[in-house]
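Below: the structure, in C-alpha cells.
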Amino acid sequence: MNRKRTSLKTIRAFLIGAGLCLVLAGCRQGPPGRTIHLAHGLDVTHSVHLAMVRMGEDLERLSGGRLRMEIFPNQQLGSEREILELLQIGTLDMTKVSAATLENFAPKTRILGLPYLFRDREAAFEILDGPIGQELLDDGLEFWLKGLGFYDAGFRSFYAMDQPITHPDDLVGKKVRVMESVTAINMIRSMGGAPTPISWGELYTALQQGVVDAAENNPPSFYLARHYEVCKYYSLDEHTFSPDVLIAGTRFWDQLNEQEKAWIREAADNSIAYQRELWALAEAEALEKVAAAGVEISRPDKRPFAEGSREAYRLYEADTTLGRLIRQIKEFQQ
Ligand code: GTR
C-alpha cells in the first residue's frame, strides 16, 4: 500500500512538474520580463498569503513591471515537502514552508522546533533577524534552497477532540499529529504522546476520522483550517515558536542579475514586515472566532511541558553544531 501511495505521489509530482513547465512556457510568450512562480500551503485569507500578494505588487512597482509574481496557494502544487523538491529541481521559483518542513532539507533549522527555545516573540525575532537567523537561512544553500527571511507563525499549542491537554500526562496514549519533522516527533515522544506525521492538507480528515486524537498549531491555522469544527479543546501551552520561512530555489535565484535580486530582497523584507504586523491581529481574531464557535480555551502551566521536553533537548545538545546553536540562543537571552 505504501508503495502504491509513493508511486501515486511520484505521478502527481511529475504531472505538477509537467503542468508547471507548460505555465512557464506560456509565460515566455507573454509580456517581456519574468513571472516568478510561488506556491504555498495556506489559505488565501492567511496573513502570509496577504503579505505575499503585497510582495508581488511591490516587485512589479520596484521593477517597473519587469518582475511579476504568480501565487499558487492552498497546497495546489503539493505538500510543503513536495514544493521544496520542485524548488530544488528548478520547476518552481519560490515558496514558504514551516521551519519544521525545512529541517528535512537544511539540518541546522532543526533547532527551531525545540520547545520553549525562545523567551518570547521579541527575543525570537531579534535572534532570527540577526547572525544566528542568517546562519539558519544559509544552511539550505548547499541543498539548492536560499532562505530569504522569517514570517511570524506565532506559538503552537495543543488542540484535542475529547479532553483538554493541560499537562503532558494528558498526552499519554494519545495519537498526536505532528508535521513531517523529526524534532516534532522527538518532542511529542519526550512529552509522552504518540507522534503521527501527517501533511497539513490531510489533517482535517485525519481528525474527523479519528486517525489522530490531537494536533497542535497556532490560532490562525487552527481557525482557518477549520480544525476547531472537530477539536473543541485548545490549550495555549505555546510549546514551540516555529517560524514560516520564505525561500527561493537557487536554480531560479542564480539566474537573476544583481538588480533583480535586490528588488526581490526589498519586496521580501517589506512583505515580512507587513505580515508580522498582520499576525497579532490574526491571532486575536482567530481566538475570538474559535471561542465563539464553542471551543474551550485554556492556559495551562507551561513548566510541566518544558520539563517533559528535556529529552528532545538532550538529543540535540549532543550534536556539536546543534549544541552550539542552542547555547548561543540561550546566551543571547540571558
Ligand atoms: C502552519 C504553517 C504551515 C504548515 C502548518 C502545519 O502554522 O504556517 O506552513 O506547516 O502549520 O502544521 O503543517
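Close amide H pairs (under 5 Å, H built 1.01 Å from N) link Asn218 with Ser157, residues at least 5 positions away or on another chain. Each Cα pair under 8 Å and six or more residues apart adds its separation to the average, and for segment 173-236 the resulting relative contact order is 35 percent. Remark: segment 100-106, residue by residue, has Karplus-estimated 3J(HN,Hα) of 5, 7, 4, 4, 6, 10, 10 Hz, where x stands for each Gly or Pro and the curve is 6.51 cos²θ - 1.76 cosθ + 1.60 at θ = phi - 60°.
Extension gain, Arg314 to Glu229: 0.36 nm times the residue separation minus the Cα-Cα distance gives 26.9 nm. Per residue, the average separation of C-alpha pairs within less than 8 Å and at least 6 apart gives the chain a relative contact order of 23 percent. In this structure segment 112-232 gives 37 Å² per residue of accessible area when probed at 1.4 Å with all protein chains present.
Multiplying the residue separation of Ala280 and Gln134 by 0.36 nm and removing their Cα-Cα distance gives an extension gain of 50.1 nm.
Summarise the accessible area of segment 227-334 (1.4 Å probe, protein heavy atoms) by the percent that is carbon and sulfur. Answer for segment 227-334: carbon and sulfur cover 46 percent of the accessible area. Among residues other than Lys289 with Cβ under 12 Å from its Cβ, the summed charge is -3 (Lys and Arg +1, Asp and Glu -1). Of all beta bridges that DSSP places with both ends in the chain, some 55 percent have antiparallel geometry. The packing ranking of peptides 314-324, 44-54, 90-100, 278-288, highest mean first, is 90-100, 44-54, 278-288, 314-324, where packing means the average number of other beta carbon atoms within 10 angstrom of each residue.
Separation of the alpha carbons by more than 27 angstrom is noted, of Lys174/Lys232; Lys175/Lys302; Lys108/Lys330; Lys175/Lys330; Lys174/Lys302; Lys146/Lys289, for Lys175/Lys330; Lys146/Lys289.
Taking the 1.4 Å solvent-accessible surface of segment 38-185 as the whole, the part contributed by carbon and sulfur is 50%. Reported to the nearest whole Å, the Cα centre-to-centre distance from segment 263-277 to segment 106-121 is 22.
Taking amide H as placed 1.01 Å from N in the peptide plane, Ile36 has its amide H under 5 Å from the amide H of Arg68, Met69, Glu70, each at least 5 places away in sequence or on another chain.
With contacts taken as Cα pairs under 8 Å and at least 6 residues apart, segment 124-237 reaches a relative contact order of 33 percent.
Projected label points at Glu288 and Gln255, each 7 Å from Cα along the beta carbon direction, are separated by 4.5 nanometres. The residues of segment 240-321 expose on average 52 square angstrom of accessible surface per residue, using a 1.4 Å probe on protein heavy atoms. Once backbone amide H atoms are built at 1.01 Å from N, Tyr151 has Asp244, Val245, Leu246 as its partners under 5 Å, excluding neighbours fewer than 5 places away on the same chain. All other residues whose Cβ lies under 11 angstrom from that of Leu42 are scored, Lys and Arg at +1 and Asp and Glu at -1, for a net of -2.
The values are calculated or read from the model by the stated rules, or taken from the named source; none is laboratory data. In this text the structure is predicted, and so the values were computed from the model without any measurement. So basically every Cβ, Gly included, is an ideal-geometry build from the backbone, and we count neighbours across all protein chains shown. In case anyone asks, the SASA skips ligands and DNA or RNA and just uses the protein heavy atoms, side chains included. Shrake-Rupley method; radii C 1.70, N 1.55, O 1.52, S 1.80 Å.
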